[in-house]
Structure formats: C-alpha cells, structure tokens
Amino acid sequence: MSHDDHTMPPSTLALRIKAIETLMVEKGKIDPGAVTEIVDIFQNKLGPRIGAGVVARAWSDPAFKVRLLENGTDALKEVGVSGLQGEAMIILENTPEVHNVIVCTLCSCYPWTVLGLPPTWYKSAPYRSRIVIEPRAVLAEFGVNIADDREVRVYDSNAEIRYMVLPERPAGTEGWSEEELAALVTRDSMIGTGIPLAASTI
Amino acid sequence: MRSIADMGGMQGFGPVNRAHDDTRFKAEWEAKTFAVNILSLAAGCFNIDESRYSMERMPPGEYLNTSYYEHWLYSLEDLLISKGVFSQEEYQARIAELAAKEDDHAA
Amino acid sequence: MLPKEMVAIAMATGAPTLRAIETAPKFKPGDDIRTTNDNVSTHTRLPGYARDKRGTVVGYEGAHVFPDAHSAGRGECPDHLYRVRFDSETLWGKGSDGPGAVYLSLWESYLLAGKVS
C-alpha cells in the first residue's frame, strides 16, 4: 500500500472534516467564507511560477541577486512575495561546486510563498527519510547526476526558516527576457531535485 | 520525541514515487482540512507546535499508512477535542447527523 | 475568528516566529558545537539523526519561538536559533554517498560548545 493511500473511504474523511467545519462555524471559530478564500489562494494563486519569476530576476539583475542571497525575506518583499510559511526565507545558490536540495524530514515544511503547496512525493516517507542520508542516489532517481567532487548540501527545514534553491542559469540564454528565463525554471529546480530546462527547449 | 515522523536517515522505504507529482487538493475533504487547520491556528485554538506534536503522536502504523492531509485531520480532532472546543460526543453526533442526511439524499 | 475579508492580508503576513530576547547569543558563525545527547519524549525539532553529533555554526537566525516549550503549553520561550552544518561523514560515516552536508536550524538549548582543538 502506498504511503498516499487512504485507509478509509473518502466519504468518511469528508464526513469528519465536514463535522469539524460545521461545529467550528457554529461556535464562531471560523468564517465559512474564509475557508473558500484560503482554498482559492492556495489552489489558484500561489505556485512555482512565483519562484520562477524571482529566479529569472536574480539571473537578470545582479544587484537583486546579491540582495536575494543576503536577505531572502527582504528581497522577496521587494517583489511582493511574503507570508505564511515564507516569513523567514533563505535562498540557496547552486554553483559548480555546490548543489543544494531542500526537505523537511520531520513533517514536510515547504516554502509556500514561492512554490505553493508541495508535491506528494516531497511529503512521502521515501523522500523525507532518504534525501538526508543518500542525496545522490535520490537525485539520480530524479535524473540529476552530481559530479563526484561536487558538494551536495541538504537543508532540513526543521524550524520556521524556509528555503528555495536558486538554480544555475542555463547556457545560451544571454540577452533573454525575464519572462523567457522564467519559462526554463521548473519547480523541481527550486527544490533541488531538478535543474532548469535547457535553452534549446524553448 | 523519536517518533515515527522523525524519519530522516531511516532506511527501507524504497524509491521516491515521482509519479506522485500532484500539488492540488485531490478531493474536497483535503481542501477543507487544509483551510480549517489554517483558520483554527488563526483563531488561536492551538498553535503550530502543538499541531506538529499531535501528528507525531499518531500510532506509527496509522501514520505510515495514511496521507498527509489525514495526518492534519487527525491532529484537528485531537487538539480541538482535547482543548474543549467541542466534545467527542458533539463530534460523533455531528458525524452521524451528516451521514444520515447523506443516506436520505441517496435514498 | 479570521473573517473572509482579512484572509488575503493574513496569508500575506503569515505568522513570523522571530522575537526579541534579553540574552546575547552564546554561539557565533564558525563555532564548533555538539548537539545534546539528552533524549526527550516530547516535541523537539532536533531530528534523531543529528543528536549527539558535531557540527559547525554557519549562521545566526535571531531568536525564535521555541517549539519544545510552545507545544507543551509553556508559552513561546524564544531562544537563539542557529544554522548548523553537519558533514555527511559525521552523520553517516562510511555510509555517506559522497561529499556533502546537512544543514539544520537549531535552538541554543540543543547545542553544547564543541571541544577546543
């Protein structure tokens, strides 16, 4: 049975949360309209395109990149990015010497403000358990092969500090607009389990 | 605590299932669980650290065999009841009421 | 209760855990530390794999709400938080799969001063 399977039929889960929701509304703890708002924000407004835009700007604007790496939280606020699970952001730069990758081994914390909600594999036992102890093997499963002499840094998000990887800019993209650059930035490249698309892809 | 959730470095879980690439809520109950959790935190019913601690105390077999949002649902039940926001009796009664309504509609 | 109209602002503000405290940080970047060996049966954010391990402080994150206390009804009890690097070889010995390190954010009470070499 996969980690992701339900043990109960979804209707039972639906009844449980509906019971909780209706009780909480009756007791004046939650506004039913707020439930819809939150789902809309996290389903439709937040997502990796936000992070991709930040990466593209960092690639295009060296001064912004310096600020981003020095104080991720403040630099993100400059471009209107802030909020829940992104209150303290650190941006990790990939270089020829260092490849970064993020995880939360204890529970699945993730930088919602720049990447939206995490994919199911990120929250799974195989990822959470293995990425800290055998990162190269896990990265290879993602098709990312790290040279033997390059350092892999795994950031375990155990406190409220959240991370985003700034991947290396693909070759052959000189003079590209931020919009064109952003299209190369995949969600996985900002987690560290992938690299950006090649220039030839677009 | 060295709970089942403390899984960094544990071995034997097998390959990462890359096909599980979805980020959207897979069902309405997931979306509601997410939102109700956030709103309960905002209302001060419990704090995020209590929430994580609650999930860590799920029976290990259950933790491994249920999905991420089922963990959230578990902690919502645990905390809202233990903190007296509603009672176990109220909760079970509401579930039964809603189930009966569903049966009525299905009939 | 958070009303619908305030949701967007609340989500954009989040719930920062940074706090001001009276005491000065005990450690600074470059310091060698050892994580404590004191197992706890309650909530903590020191993963088991990093308990009783040598690491190096690489950054100071300010003082943050302390989960061990906050989860147990003892209030926020903010404490200094550090970014600490653990070499893969320290954590996994010969079981490491290549040059690397794991970085954790650790509260001061999780840390002991490392040996002066």
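Each residue of the range B:77-87 was assigned a 3J(HN,Hα) from its phi angle through the Karplus expression (A = 6.51, B = -1.76, C = 1.60, θ = phi - 60°), giving 4, 4, 6, 5, 6, 5, 8, x, 5, 8, 9 Hz with x at Gly and Pro.
The string of couplings for the range B:55-60 from the Karplus curve (6.51, -1.76, 1.60, θ = phi - 60°) is 4, 5, 8, 4, x, x Hz, one whole number per residue in order, with x for Gly and Pro. Look at the stretch B:45-51: the mean tally of other chain Cβ atoms within 10 Å of its residues' Cβ atoms is 6. Distances between placed amide hydrogens fall under 5 Å for residue A:89 paired with A:73, A:162, all partners being 5 or more residues away or on another chain. Tell me whether the range C:22-82 comes out rounded, prolate or oblate; compute the Cα gyration tensor, take square roots of the eigenvalues as a ≥ b ≥ c, and use a/c under 1.5 as the rounded threshold. In terms of gyration-tensor shape, oblate. For B:48, A:38, A:90, the sequence from fewest to most other C-beta atoms within 10 Å is B:48, A:90, A:38.
Highest mobility in the GNM of chain C, judged by mean-square fluctuation with C-alpha springs under 10 Å and restricted to C:41, C:71, C:105, is found for C:41.
Within 10 Å of each Cβ in B:96-106, how many Cβ atoms from other chains are there, averaged over the peptide? Write down the numbers at each step before the final one.
Details: counts 2, 3, 6, 5, 0, 2, 4, 0, 0, 0, 0.
That works out to 2 on average.
Name the shape class, rounded, prolate or oblate, that the alpha-carbon gyration tensor gives for chain B, where a ≥ b ≥ c are the square roots of its eigenvalues, rounded holds for a/c under 1.5, and otherwise prolate holds if a/b is larger than b/c and oblate otherwise. Judged from the Cα gyration tensor, chain B comes out oblate (a/c at least 1.5, b/c at or above a/b). Name the shape class, rounded, prolate or oblate, that the alpha-carbon gyration tensor gives for chain C, where a ≥ b ≥ c are the square roots of its eigenvalues, rounded holds for a/c under 1.5, and otherwise prolate holds if a/b is larger than b/c and oblate otherwise. Prolate, because a/c is 1.5 or more and a/b exceeds b/c.
At 4 °C and a viscosity of 1.567 mPa s, what translational diffusion coefficient does Stokes-Einstein give for the range A:100-161, taking Rh as the Kirkwood radius over Cα pairs? Give it in µm²/s as a whole number.
On the way: Rh = 12.2 Å.
Translational D for this selection: 106 µm²/s.
The GNM of chain A, with springs linking C-alpha atoms under 10 angstrom apart, assigns the highest mean-square fluctuation among A:74, A:40, A:31 to A:31.
Over the protein assembly as shown, the Kirkwood radius and the radius of gyration, each from Cα atoms, give a ratio Rg/Rh of 0.96.
Normalised by 2.2 N^0.38 Å, where N counts its residues, the alpha-carbon radius of gyration of the range A:47-201 equals 0.98.
Bear in mind that the values in this text are calculations on the coordinates, not laboratory data. No experiment lies behind these values; they were computed from the predicted model shown. All Cβ positions, glycine included, derive from the backbone under ideal geometry; neighbour counts span all protein chains shown.
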